[in-house]
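Heads up, the thing below is written out as structure tokens.
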Amino acid sequence: MTVSLEIDDEVATLLQAVRLRTGLTFEEIFSRALAFLDWALNRRSAGLIIATLNQETRVYREVDMEQLLKPAATAARSDAAA
């Protein structure tokens with residue numbers, strides 16, 4: 001499958017920076033990002049949070065992405081309707 005995307009300069013710069021930092025191809029970046037997003041959506045749908053943890057201070061910070069909040073809200077509505 002071929003996917004064509006039009007991205008702005010800011011996203012293009014970010015994409016290039018990720019390529020340089022990781023050595024991954026565009027296809028690998030897209031594939032891994034999609035797999036990670038799918039994993040995160042599945043966790044949120046299960047009612048879990050996605051967070052980072054500072055191992056030294058033991059302080060965690062929840063990932064704040066609107067797209068990750070939607071599956072949890074959808075799952076809660078589905079549970080309530082059942």
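The table below gives the values:
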| item | result |
| --- | --- |
| Options Ala76, Ala72: the member that is touching a helix residue (DSSP H, G or I) at 6+ places or on another chain (Cβ under 9 Å) and modelled with pLDDT under 85 | Ala72 |
| Residue in the range 10-29 that is small (Gly, Ala, Ser), touching a residue at least 12 places away in the same chain (Cβ under 8 Å) and out of contact with any Ser or Thr (no Cβ under 9 Å at 6 or more places or on another chain) present | no |
| Every residue from the range 23-37 that is exposed (fewer than 10 other Cβ atoms within 10 Å of the Cβ) and at pLDDT below 95 | Glu27 |
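The values are calculated or read from the model by the stated rules, or taken from the named source; none is laboratory data. What you are looking at is a predicted structure, and each value in this text was computed from that prediction instead of being measured. Cβ: placed from backbone, ideal geometry, glycine included. Neighbour counts: every protein chain shown.
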